[in-house]
1. Could you tell me the distance between the Cα centroids of the stretch 406-461 and the stretch 489-562, to the nearest Å?
2. Name the residue from LEU322, SER300, SER281 whose Cα lies farthest towards the positive end of the charge dipole of the stretch 278-364, charges +1 on Cβ of Lys and Arg and -1 on Cβ of Asp and Glu.
3. Hey, got the dipole for the stretch 293-446? About the Cα centre, +1 on K and R Cβ, -1 on D and E Cβ, debye to the nearest 20?
4. Is there a quick way to get the dipole size of the stretch 86-235? I mean about its Cα centre, with the Cβ of Lys and Arg at +1 and of Asp and Glu at -1; what is the value in debye to the nearest 20?
5. Could you point to the residue in VAL499, SER51, LEU459 farthest towards the positive end of the chain's charge dipole, with +1 and -1 charges on the Cβ of Lys/Arg and Asp/Glu respectively?
6. In deg cm²/dmol, rounded to 500, what helix-only [θ] at 222 nm does the chain give when every DSSP H run of at least 4 residues adds -39500 (n - 2.57) and the total is split over its residues?
7. Please go through the stretch 123-158 and write out the GluC sites (Glu not before Pro) that DSSP classes as loop and that have at most 15 other C-beta atoms within 10 Å.
8. Would you work out which of PHE74, SER371, SER101 lies farthest towards the positive end of the dipole of the chain? Charges go on Cβ: Lys and Arg +1, Asp and Glu -1.
Amino acid sequence: MLGEDPRLIVKLKGEDPVTEPIGGSGSYNLGPIETRLDLDGDDVSWEIGSSSVVSLDKVALVWKARSGEQVRIFSNGYQSWSRAGLQVIGEDQDPSVHPDSIALVRAFHHADPFIASEGEIRSELVTLWDPGVGSDLYCAGFDGGAEHDGTFRFIREGSTPQLEIAAEAYFDGAILKEGESRRLHSVLGGSGASAPELLEKWAVRAGKASGARVSAPYQVGWCSWYHYFGLVTEHALRDNLALASSFPFTVFQLDDGFQSAIGDWVTTNDKFPSSIEGIASTIAANGQAPGIWIAPFLASPESRLAKGRPELIAQFKESIPLIATVNPGWGGPVYALDTTKPETLAHLEEVARSLVEAGFKYLKLDFLFASSVPGTYADPSKTRAQRVRAGLDAVRKGAGEETFILGCGCPLGPAIGVVDGMRIGPDVAPFWDVEEGAFVPPGYGQEAPATLNAWRNTLARSFMHRRLWLNDPDCLMLRKTETRMSPEQINAWARAVAVSGGMAIASDDLSLLGPEERKQLDEVIEIGRRSDQLAISSHPARCPDLMEARLPKQLESGADTV
Ligand code: 9PG
């Protein structure tokens, strides 16, 4: 994999990077960091040791490759909602370069929220590139992401036909003790002619190395969000439940809007007269598995959690709570929990256990990037990835092995091996593209809620399905009223969900679905099941124009095509 002029780079916090050429497998000392490299064909395994206490920003393998006029890169964003797809060096820009980008938005796209250098293209966890010299495509990906984030950087300086590629283990200033060793995630390389096949091969290997949970059954269900949004009521939930029996739903999932506050997940608000136990038992009595949404790593300033247990909140600095995101629907800023504290992990475990004991069998865990946001955490030895992973492990421990866990707003790497399902794209919406006049934070246009944005990622990340988890493309919306999508757009989205073989979760007021929409749902499920079966028995749906178009248009499973 390593091309010409391979080098190792170590960067400590606040210091200039140091670099040394690599001559092959062996041990390399750069300042206090010893890196032991094992080059094996196209793969690299590596381990670092520190001879003193250091704050480590990154360790990177860097090499050069001949490139032609056009260098095309599959750029994979950091978390569920981040864009994935083709970028071309010199034509596209890293979203952080937007003059008005803010740190919180930059952190949506990439592990490293600092501004990329001019012309640099990045990809998280895995990448694929066509150097434009008529040769094969190259693929490289980390074998997991539980210990640290893994970023690929591509840069072409000036007009030189040389491409510089870096595979970076991102530590974001984590503290290493004197004498401490840490194994890094291996970098797996490959080359070949087919982009989807190379990405699938990587996903199989990374999934195996990280203990991916890929055996849950095909999911068919209902979710309250994309019709009712935060205005959902118990009344609306019960109305839909009353109609659900005539649909093939196995899961019935209540989304954001039931909780008494962000952070207080086991108590309901005034719109829900019943307790969470009451809601779960009502759903179960109707014959569906009860599902519920929570954002476990968040707490609003008004929550009982933030007020009663302020020590669980991460800090921006010196007693100033860390704001993880700002959401007008929740009344503004919300804080991130400090998942490096055993007390926080005990709390998360308890929340998950309470929900499962209340009867929920499906947990949609949202805004999981919260604990990856840079800030001051109690244990500075933990990387961003380890903070996310620790929180996820705590939830899994409380929820037990049988509970279906769906990750959302989730950094991808740290979740492999914990979640059963993963949202792999931005939110759908009852409209196709971001609408004129809508406020979109600078640099967030391709992540903003819009069915088109969900479509892009459904095609571009199809290779992850049944390899890293079950893909959740986001919800189906089949209603023809109370939507600004045309019948053609509704149909196009439904077909993408179906052919992807991913989770089929409808999010309509069921009273708006007539026989025609019901027939369409049945068709989606029929194609979806077959595509999913093919993903299990041979390969997931493939996107043949992945490297041809920034917005791919084709998806093919053995069952059908888009
Ligand atoms: C509930 C929703 C749904 C949805 C999730 C997530 O402000 N924001 O940037 C923002 C981004 C995503 C988002 C909501 C707000 O949607 O993806 O399915 O569960 O939360 O609030």
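The values are calculated or read from the model by the stated rules, or taken from the named source; none is laboratory data. Note that the structure is a prediction, hence the values are computed from the model and not measured. Cβ atoms come from the backbone with ideal geometry, glycine included; neighbour counts cover every protein chain shown. In case anyone asks, the SASA skips ligands and DNA or RNA and just uses the protein heavy atoms, side chains included. Shrake-Rupley method; radii C 1.70, N 1.55, O 1.52, S 1.80 Å.
1. First find each Cα centre; the distance between them is then 17 Å.
2. SER281
3. For the stretch 293-446, the charge dipole is close to 380 debye.
4. With only Lys, Arg, Asp and Glu charged at Cβ, the dipole is about 580 debye.
5. VAL499
6. That calculation yields -7500 deg cm²/dmol at 222 nm.
7. Filter output for the stretch 123-158: GLU157.
8. SER371
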